[in-house]
Amino acid sequence: MIIKKEKKGDVMVYYVKKNISDEKMVAMKGKFIQPSQIDFIIKDNADVYAVDSDSDSDSDSDSDTESVGKSKKLLIRFRKNKLTKKKIEDFYDNVIEFAEVETSARGVASGSDSRITGYNPKIKSNILGYIDKLSVSQKAILKRKGMKILPVRETRFNRDYPENFAKAVPLIKEIDEYYEKYAPEYYKKQRQKANQTPFKICGTSFTTVTTNVNFQTAIHKDKGDDEEGFGNLVVIEKGKYSGAETCFPQYGIGVDVRYGDVLYMNVHEWHANLPMKKSGEDAKRLSIVCYLRYNLWDMTKHMSKNTMANHTRKLRSILGKNVTKDMKNKNRTNKYNKNISSIPNKKSKTLKAR
């Protein structure tokens, strides 16, 4: 619910309160939202501040303005048309095939509360960079060999397609630059952590990137990222569609993030996407989320680059190769109901799953 708004230059500043109690939001976890549940969609430059429920400010009096100022907390910072087209297109061209591989490992965000991966819906969500988890097949290999190793690793995309990843990095760096500009108080703390670990995307405050294709997330809060940092979202769109706005249902507000825009937001508040309505079957909405994984940082802070390199070589040596199916075939058929986290054969010309 918007309780106050004011124009500052080319930015509209909104102050919002919760429409829904915390208790009711917990009950809504994992549910999909509809347009009727959102009061207002932001389409232009905006800052949004969440105001404490105890601060009642629905007029323009000096006392109300002062009250808002003392209780506000940044929820959203949105800027239009900031990213460089070439960097956007290079990222898309080098990542999209990998990003379209299906997985069933997104749990609550995919609308499922099952802890059994096979029972979750299949969606197109994948990870680039570094991660602090081993896949099911990797764990099985280590168990067979009776070995234990620090569960920190490069993602499959980085390992098997380093040239593609290198061409995607310029956009990630540009997202990082705007992060520092638009959310400096959060950026500073996150960058300090990133500087302490070699398991990071070079020159940024990020360890990891999640890509989603045409994925309507259910109501959830992000977990695993640095809670002192701030979330971000960039969208690359191909074809025409409507909907898919990123929303904060507890506040009744959403943002229509489009090609070239940058959105920085508090992902530790409840958020979700509205349904996507495609104008053509080929319409795609590739969303990009860059973040720092807290446990990864915690396990590797102050680790040297040499130690990282030795760890990576050892992990590759232990795990060896485990051929997966061609990822396009995985998208065409459900013949095999397996997790797509097995290790690909480098000789394949087609990108494989995570």
**Hz values of 3J(HN,Hα) by residue in segment 141-150 - Karplus curve (6.51, -1.76, 1.60), Gly and Pro given as x** = 4, 5, 5, 4, 8, x, 10, 10, 8, 4
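Using +1 on the beta carbon of Lys and Arg, -1 on that of Asp and Glu, and nothing else charged, what's the dipole of segment 253-323 about the Cα centre, debye to 20?
Details: 12 positive and 6 negative charges, 116 e Å.
Charge dipole, segment 253-323, about its Cα centre: 560 debye, nearest 20.
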**Complete:** Whole-Hz Karplus couplings 3J(HN,Hα) for segment 24-41, θ = phi - 60° and coefficients 6.51, -1.76, 1.60, Gly and Pro as x, run 5, 5, 4, 5, 8, 3, x, 9, 8, 9, 10, x, 5, 8, 10, 7, 8, 10
**Request:** Any chance you could list the semi-axes, whole Å, largest first, of the equivalent ellipsoid that the Cα gyration tensor gives for segment 85-332, using √(5λ)?
**Result:** 28, 23, 18
**Request:** Can you put ARG316, ARG293 in order of Cβ neighbours within 10 angstrom, beginning with the fewest?
**Result:** ARG316, ARG293
**Fill in**
Residue span MET1 to ILE41: 0.36 nm per residue of separation minus Cα-Cα distance leaves a gain in nm of 13.2 nm
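Just so you know, all these numbers are worked out from the coordinates, no wet-lab data involved. Note that this is a predicted model, so its numbers are computed, not measured. With ideal geometry, Cβ positions are generated from the backbone for all residues, glycine too; neighbour counts draw on all protein chains shown.
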